[in-house]
2 protein chains.
Amino acid sequence: MLEKVDLSKKMSKEEYKEKMPLLESRLGELQRQCKSLGIPVMIVFEGFGAAGKGLQIGKLIQSLDPRGFEVHAIQRESEEEKMHPFLWRFWTKTPAKGRIAVFDGSWYRKVLIDRFEKKTKKAELPDDFHSICSFEKQLTDDGCVLIKLLLDISKKEQKKRFQKLKENKETAWRVSKGDIERNKHFDEYQTIMEEMLQKTDTDYAPWMIVEAMDKRFATVKIYSAVIKAMAQQIEKVQHKKAEADAVKAIRTREENVQVSAVAEEAAKNVNDLQESILRNADLTLSYTKEEYKKKLEKLQKKMEILHGELYRRRIPVILGFEGWDAGGKGGAIKRLTEKMDPRGFVVNPTASPNDIEKAHHYLWRFWRAVPKDGHIAIFDRTWYGRVMVERIEGFCTKQEWQRAYKEMNDMEKDWADAGAIVMKFWMQIDKDEQERRFKARQENPEKQWKITDEDWRNREKWDQYEDAVNEMLIRTSTEYAPWIVVEGNCKYYARIKVLETVVDAIEKRLKE
Amino acid sequence: MLEKVDLSKKMSKEEYKEKMPLLESRLGELQRQCKSLGIPVMIVFEGFGAAGKGLQIGKLIQSLDPRGFEVHAIQRESEEEKMHPFLWRFWTKTPAKGRIAVFDGSWYRKVLIDRFEKKTKKAELPDDFHSICSFEKQLTDDGCVLIKLLLDISKKEQKKRFQKLKENKETAWRVSKGDIERNKHFDEYQTIMEEMLQKTDTDYAPWMIVEAMDKRFATVKIYSAVIKAMAQQIEKVQHKKAEADAVKAIRTREENVQVSAVAEEAAKNVNDLQESILRNADLTLSYTKEEYKKKLEKLQKKMEILHGELYRRRIPVILGFEGWDAGGKGGAIKRLTEKMDPRGFVVNPTASPNDIEKAHHYLWRFWRAVPKDGHIAIFDRTWYGRVMVERIEGFCTKQEWQRAYKEMNDMEKDWADAGAIVMKFWMQIDKDEQERRFKARQENPEKQWKITDEDWRNREKWDQYEDAVNEMLIRTSTEYAPWIVVEGNCKYYARIKVLETVVDAIEKRLKE
């Protein structure tokens, strides 16, 4: 893309002065509209050193309401950031609905500067490009406007600008050794950039090349590009809303209903043939109290030692727990963590999302909770709510939950690629056992709080959940993040199986 | 995905007999509906050897109208196929609208059997997975139903089946050495399959695992899966049609129009700042007749020799020509090919698509025309019509042409990865020169056929075309398939530049 770019473009002061006022007021207006429509906006500035990213960001935010945006300067990873998966620091910075996030440098650092400096290995690149595209697709699928600007200058111009900066004591510090290196090997760096452009110039997040030799020209082009992208998204959202109204009226058409029925019948047929993973769990498996106590003590001691070893080796562990209501998640988590150093793990209970969480992508809150290297994060209920409760209750669209399998696999792969042990447990009990437990809870004053009307309502949808869980287990059990079905009718057995599985996985990893 | 699969599933004869009649009549009915709605359907059978692909395909087609489907058995590549890019044989087999194509084996061979046999190198895999996903995305984006079935059996069962086949003289030939090898190293092959599933289980083309130990069970599951997918797509198409009607009514809403105007204004602003690639072409470049003749003779002689060399080295060449009407495409192509052996090249004129072409994906006709190794294919107008005339005249949606840049880049990358030299020429003239040529054509009785009213109408949209061409040049000029802007006001100069560029590229490749 770069070789066709004409860097000689300029804009006169007069033209600039004539154009800017309208652009500035437009941008402010669009920010307000995005806020009221709840559209998140991300603006990424990338490009050659000294191309003027900082200056242009300064120009851009002049027209923005400062209460509505943040600017993130992306430098080398901090120690804290290094101890997390690559995309963690960017996921946590994704803007809430209606807000604007400006990135001075971005996730592209990994496939640009870090690649040039050989910190990113060539063998990693396909995975990195995949992770980046998946990240951007997820955000834009979720309604985010993502504007990617690449500021382009020539080798000669860059050298001149570096020299000028160095001559002045106050600005000399801004030119790093890396800058000089990249100027010296400008062509090589440009080739790296060209490959990056080709791998990541997508229909959902296209690149805009900004000729940045002339500052006025660049400013006007950036403003225009940002305005265009924001206005298009606003139009899309407004149009969709109007469309949704119009479409409601046609939902009842008979021919649709007929085919729907055929599709549903066939879906049910497929599910009937499929729903065996859970059914096949051998729920007679059990331990006596004595067996349990003996095993528990031994395993907990082991876990304690392994936990310390994990910390020293800086290996993070992510454990997700899902299962039927009253399936024994809480008890299993309690026995797992009982003897562990509380400074080294955290249990994240996952309830329905709060307002802040709702204002972000559904995976955002889980990315935020990713543990540091050496720490253990346990999730009591997880991101898989998307393909269970959200799917069944219609909290998200069909497209959304169908897309989610791949999104969650991609997320877990990012974590595993960063060195994490990732495992997911499904606590399986049968319907009778659930009823027994529900009733026992109701009769026990200390446990009454644990049982609600909603639990009984969910129970009525047992079959639907079973279909959804079976599909989930098939589509998201991977070798880097396997699902473990835990036979849970006997609580003793279930707790020991969880502990044993975790201990085995850690021991295996420590031997590698 | 495979480790969670329960292979013990069975279906009794009674249940089978009860279920099948309804499934069979449903499938026939859905085939008719797909035909009348123009929905293409692709059904892919993959899985372990002796899992019963052939048998199940036989069962499936029993319910289909034989005039409406084809079955493609995918074996090792033939000599002819080896001389084309990997996906060529599959692109050319994609079904027309309303038809069904059944694949016994498929493009997955490259990342399964060929990988197991080390014919596919590990370093190629990321590109192969990318090509496959891009292929499937393009087809499903275009409205194709793609059903991917993976027939799963155990190692033991496979061995048993192979033995049974070998015992019988009439079936022994069906068990190949490769089959035995893959049974011996079943676990290794399964790991390969697992990775394939993870890389290609997408929301637009998900995998369906079919437990194939019991034939009746498998048949019912396959029928159900195919019915479900077809019915869903029919519903979607019908719904979209109804939606489109409903949406027409709201197109006029004022708020939409206002934001649209802002977006358009900004788009124009961006384009104004961008439209320099074509404007920057130095159209004063020229040769005298003498210079031209001398150079032409020399270059054509060279080209003749290089053409033979290409043939011997089995290097394919793909040259695309685009440009303004009367820009000199025809003349340049004529001079390029004049001295070449006509058995070694073909010129494909690209007009608006005929009925058969319209019934396929817009890239299908270009995939069909990909040259064999050692041959040259020249396109007089190309696939880039999608982002020029189709964009400007509204023959495709905005989403479609925006997606097309990446689709065309991916296609050209597939060709280049298969060893082809790929180049695209834009024949540039200015508006005055075009007028002169149009008038000259009108006045010359022999050339009058070359000029139509449409040419004059297109001329009125010069600015729109210029914007579209500039964006196209930026987004689709790659190092594996570059655009060359040919300064064309002087025909002599343009013809020589084309010849020179082609000669240089071939010489460079031959030296590698």
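Of all residue pairs spaced 6 or more apart or on separate chains, those with beta-carbon atoms under 7 Å, a first member in segment A:118-134 that is assigned by TED's automatic domain parsing to the domain that holds A:D201 and a second member that is outside any helix (DSSP H, G or I) are A:D128/A:T120; A:S131/A:F86; A:S131/A:L87; A:C133/A:T202.
Among the residues examined, B:K241 qualifies as among the basic types (K, R), more than 7 Å from chain A (Cβ to nearest Cβ) and either on the phi < 0 side of the Ramachandran plot or touching a Pro at 6+ places or on another chain (Cβ under 6 Å) (or both). With the condition kept exactly as written, say whether any residue in segment A:174-193 is at pLDDT 95 or above and within 22 Å of the chain's Cα centre (by Cα). No, segment A:174-193 has no match at all. Checked against the criterion of being crowded, with 20+ Cβ neighbours inside 10 Å and out of contact with any Phe, Trp or Tyr (no Cβ under 8 Å at 6 or more places or on another chain), the candidates B:L60, B:L30 yield just one match: B:L30. Entry remark, segment A:93-105: residues being buried (at least 17 other Cβ atoms within 10 Å of the Cβ) and either closer than 23 Å to A:A420 by Cα or not assigned by TED's automatic domain parsing to the domain that holds A:Q190 (or both) number 1 in total.
Return yes or no: is A:E466 of a type in the set (D, E), under 15 Å from A:M388 (Cα atoms) and in contact with a Phe, Trp or Tyr (Cβ under 9 Å, 6 or more places away or on another chain)? Here the answer is no, as A:E466 does not meet what is asked.
When B:Q448 is tested against (1) closer than 17 Å to B:M388 by Cβ; (2) surrounded by fewer than 18 Cβ atoms within 10 Å (Cβ to Cβ), only condition (1) is not met. Every test in (1) without any contact (Cβ under 8 Å) to a residue 40 or more places away in the chain; (2) among the charged types (D, E, K, R); (3) within 14 Å of chain B (Cβ to nearest Cβ) is passed by A:R76 save one, and that test is (3).
Residue-wise test of (1) within 12 Å of another protein chain (Cβ to nearest Cβ); (2) over 20 Å from B:M427 (Cα atoms).
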{"site": "B:D272", "(1), (2)": "yes, yes"}
{"site": "B:I277", "(1), (2)": "yes, no"}
{"site": "B:A281", "(1), (2)": "yes, no"}
{"site": "B:T288", "(1), (2)": "no, no"}
{"site": "B:K294", "(1), (2)": "no, yes"}
{"site": "B:K298", "(1), (2)": "no, yes"}
{"site": "B:M303", "(1), (2)": "no, yes"}
{"site": "B:L310", "(1), (2)": "no, yes"}
{"site": "B:R313", "(1), (2)": "no, yes"}
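Please enumerate the residues belonging to segment A:456-478 that are of a type in the set (D, E, K, R) and surrounded by fewer than 17 Cβ atoms within 10 Å (Cβ to Cβ). Passing the criteria: A:R457, A:R459, A:E460, A:K461, A:D463. Exactly one residue out of A:R32, A:R67, A:R26 is in contact (Cβ under 8 Å) with a residue 40 or more places away in the chain, over 20 Å from the mean Cα position of the chain (by Cα) and farther than 26 Å from A:L165 by Cα: that is A:R26.
Say we look at segment A:466-494 and pick out the residues that are facing another protein chain (nearest Cβ under 9 Å) and outside any loop (DSSP other than H, G, I, E, B); which of these is nearest to B:L2 (Cα to Cα)? My answer is A:I474.
Working only within segment A:389-435, note down all residues that are polar (S, T, N, Q), surrounded by 16 or more Cβ atoms within 10 Å (Cβ to Cβ) and closer than 22 Å to B:A229 by Cβ. Correct list: A:Q402, A:N409. Within segment B:150-173, at least one residue is under 26 Å from the mean Cα position of the chain (by Cα) and either at pLDDT 95 or above or over 18 Å from B:V5 (Cβ atoms) (or both).
Filtering segment B:83-119 to residues that are of a type in the set (S, T, Y) and modelled with pLDDT of 95 or more leaves B:T94, B:S106, B:Y108. Right, B:G344: surrounded by fewer than 20 Cβ atoms within 10 Å (Cβ to Cβ) and either closer than 22 Å to B:M303 by Cα or of a type in the set (F, W, Y) (or both) or not? Considered against the rule, which asks whether it is surrounded by fewer than 20 Cβ atoms within 10 Å (Cβ to Cβ) and either closer than 22 Å to B:M303 by Cα or of a type in the set (F, W, Y) (or both), B:G344 comes out as yes.
In segment A:322-341, is there at least one residue being closer than 30 Å to A:T140 by Cβ, β-branched (V, I, T) and modelled with pLDDT of 90 or more? No: segment A:322-341 contains no residue that is closer than 30 Å to A:T140 by Cβ, β-branched (V, I, T) and modelled with pLDDT of 90 or more.
A single entry from A:D187, A:D179 fulfils the requirement of being crowded, with 18+ Cβ neighbours inside 10 Å, out of contact with any Ser or Thr (no Cβ under 9 Å at 6 or more places or on another chain), outside any loop (DSSP other than H, G, I, E, B) and not hydrophobic (A, V, I, L, M, F, W, C): A:D179.
Let's see how each residue does on (1) over 33 Å from the mean Cα position of the chain (by Cα); (2) modelled with pLDDT under 95; (3) surrounded by 21 or more Cβ atoms within 10 Å (Cβ to Cβ):
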| position | (1), (2), (3) |
| --- | --- |
| B:A261 | yes, yes, no |
| B:L278 | no, yes, no |
| B:Y287 | yes, no, no |
| B:E290 | yes, no, no |
| B:Q300 | no, no, no |
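Only one of the numbered conditions (1) surrounded by 17 or more Cβ atoms within 10 Å (Cβ to Cβ); (2) in contact with a Phe, Trp or Tyr (Cβ under 9 Å, 6 or more places away or on another chain) is not met by B:D114, and that is (2). The set of residues from segment A:303-332 being closer than 18 Å to A:N489 by Cβ and in contact with a strand residue (DSSP E or B) (Cβ under 6 Å, 6 or more places away or on another chain) comprises A:F321, A:E322, A:G323, A:G327, A:G328, A:K329. The set of residues from segment B:314-369 being of a type in the set (F, W, Y) and outside any loop (DSSP other than H, G, I, E, B) comprises B:F321, B:F345, B:W364, B:F366, B:W367. Which of the residues that make up segment B:128-161 are of a type in the set (D, E) and in contact with a helix residue (DSSP H, G or I) (Cβ under 6 Å, 6 or more places away or on another chain)? B:D128 - this is the single residue of segment B:128-161 that is of a type in the set (D, E) and in contact with a helix residue (DSSP H, G or I) (Cβ under 6 Å, 6 or more places away or on another chain). If the condition is being part of a helix (DSSP H, G or I) and more than 14 Å from every other protein chain (Cβ to nearest Cβ), then segment A:32-55 contributes A:K35, A:K53, A:G54, A:L55. If the condition is being part of a helix (DSSP H, G or I), more than 9 Å from chain B (Cβ to nearest Cβ) and within 29 Å of the chain's Cα centre (by Cα), then segment A:200-232 contributes A:T200, A:I222.
The values are calculated or read from the model by the stated rules, or taken from the named source; none is laboratory data. These figures come from a predicted structure and were not determined experimentally. We place every Cβ from the backbone using ideal geometry, glycine too, and count neighbours over all the protein chains shown.
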